[in-house]
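Everything on this sheet refers to the single structure shown next.
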Amino acid sequence: MDSFRKLIDLGKEAFEKRDYDDAERHLRKVANERPHYADVMNILGVICHMSGRFTAATSYFQKALKINPNYTEALLNLTVLYNDLGKYEEAKKLYSHLKKKSGKQHDIEPVLKGKLSNLHAEIGDIYRSISLYPFAICEYEKALELNPAYLDIRTKLGQALRENGDLTRSKNELEQVVKANTHFGPGKVQLGVTLYCVDKVGEARKLWKQVIDKNPENEFAKMYLKLSEFQSQKPSSSEKKSASTSTKAKKKSSAKKVAKKKSVKKK
């Protein structure tokens, strides 16, 4: 029993560190030998969901709920999975079942929405980390449908849109963040990055300076501001072309003068 408890602890620790391969290795040993731990089944379901093994994920969540029908987290995770798979009726049934079971629909609903939003955002983070930006955008949008006021998730949506090349929508989303809370540093920093990408360097620098004034330790704002200062010192392409043309003209003029002097000497 102690050895299985140790495996569970190791698996959960690895999961918290996002070492999903190690977590799965430990927890699958437990699931194979002691298939009555609902939390183990739930974590394995989350790992399979994030890695795209949806059939296995569904099975693990269902096993967790068979062991403990009142396991709210497993129920929520299965609801999110069904929603991602387009099984909206199944997702709706699970959600309705959870609200009825709670007996306090008006109290628990905001909590459920918060949990679902965060789960969508976490999946979005995984997609974004492997450059699957359209999928990440979809997850962030689902999260914001439930909780439009989650500024951290809207900021991530703005970043994912920018990374996917949609600078206009990125700017719009990040402007919403800054408008909602002018003191939210990450939103200002990321709006500055998007503005910088559309050549609005002055506006970007203004935002980064505001962030630094509020929080001098914000490394991202300091780094981007320094980068923009370095870039402003470099000549633009038109300046480089003008300088190159001027240099060529001077060389040509000098060559003509030398040729003229040689011609005079010959005479």
Set LEU81, LEU7: member being free of Cβ contacts under 8 Å to residues at least 40 places away in the same chain, part of a helix (DSSP H, G or I) and under 28 Å from LEU146 (Cβ atoms): LEU81
Test result for GLU24, surrounded by fewer than 16 Cβ atoms within 10 Å (Cβ to Cβ), acidic (Asp, Glu) and either in a helix (DSSP H, G or I) or within 23 Å of the chain's Cα centre (by Cα) (or both): no
Condition met for LYS156 (at pLDDT 95 or above and farther than 26 Å from GLU217 by Cβ): no
ILE108 at pLDDT 80 or above, of a type in the set (Val, Ile, Thr) and outside any loop (DSSP other than H, G, I, E, B): no
Matching residues, segment 55-74, being farther than 12 Å from MET41 by Cα and in a helix (DSSP H, G or I): THR55, THR72
Qualifying residue in segment 187-207 (condition: surrounded by 17 or more Cβ atoms within 10 Å (Cβ to Cβ) and either in contact (Cβ under 8 Å) with a residue 60 or more places away in the chain or closer than 27 Å to TYR82 by Cα (or both)): no
Residue that is modelled with the lowest pLDDT, among those in segment 203-228 that are of a type in the set (S, T, N, Q) and assigned to a helix (DSSP H, G or I): SER228
Leading residue by the ranking (nearest to ILE123 (Cα to Cα)) among those in segment 27-42 that are in a helix (DSSP H, G or I) and of a type outside the set (A, V, I, L, M, F, W, C): ASN42
Count of segment 206-225 residues which are under 23 Å from the mean Cα position of the chain (by Cα) and closer than 23 Å to THR168 by Cα: 7
Selection from segment 11-28 of residues that are within 17 Å of MET41 (Cβ to Cβ) and touching a helix residue (DSSP H, G or I) at 6+ places or on another chain (Cβ under 6 Å): GLY11, ALA14, PHE15, TYR20, ALA23, GLU24, HIS26, LEU27
Identity of the residue in segment 111-149, of a type in the set (D, E, K, R) and surrounded by 19 or more Cβ atoms within 10 Å (Cβ to Cβ), that ends up modelled with the lowest pLDDT: ARG128
Only listed residue being modelled with pLDDT of 80 or more, in a helix (DSSP H, G or I) and not aromatic (Phe, Trp, Tyr), chosen from GLN190, GLN231: GLN190
Members of segment 118-153 found to be over 18 Å from ILE47 (Cα atoms) and hydroxyl-bearing (Ser, Thr, Tyr), listed by number: SER131, TYR133, TYR140, TYR150
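The values are calculated or read from the model by the stated rules, or taken from the named source; none is laboratory data. On a predicted model such as this, the values are computed, not experimentally measured, just so you know. Cβ sites come from the backbone with ideal geometry, for glycine too, and all protein chains shown count toward neighbours.
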